[in-house]
């Protein structure tokens, strides 16, 4: 379920909710735009050859909070820990933009295409 302006049902492939990032009374700018480190928390083929704490490019104001924490594959810190990558079976999702994340992002896309 998403709450970007109005409540919206998602596809239901990974249950959870989408909500606006808590910017702590405007202490943190929204949208969150720029490079941020990711913390890889789960072994994943999509992160093969990518070091933990690599920088990825973000442009977002909302976060996905999955019901099942076991689907979380990476997090980032922006006002607090935010889920930035999920994986469930053959479904992968990222909050960052691999296509804008230089060589590391291209490696991630290459990993995805070779699955």
Tell me what the chain gives for mean residue ellipticity at 222 nm when only DSSP H runs of n ≥ 4 count, each as -39,500 (n - 2.57), the sum divided by the residue total, rounded to 500 deg cm²/dmol.
-3000 deg cm²/dmol
For residue 65 and residue 52 in the same chain, what is the full-extension length gain: residue separation times 0.36 nm, less their Cα-Cα distance, in nm?
2.6 nm
Could you pull out which residues in the range 37-72 have an amide N less than 14 Å from a spot 7 Å beyond the Cα of residue 15, following the Cα-Cβ vector?
66-71
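Computed from the coordinates by the stated procedures, all read-outs in this text should not be read as laboratory data. Just so it is clear, the structure is predicted and the values come from calculations on it, not from any experiment. Backbone-built Cβ (ideal geometry, glycine too); neighbour counts: all protein chains shown.
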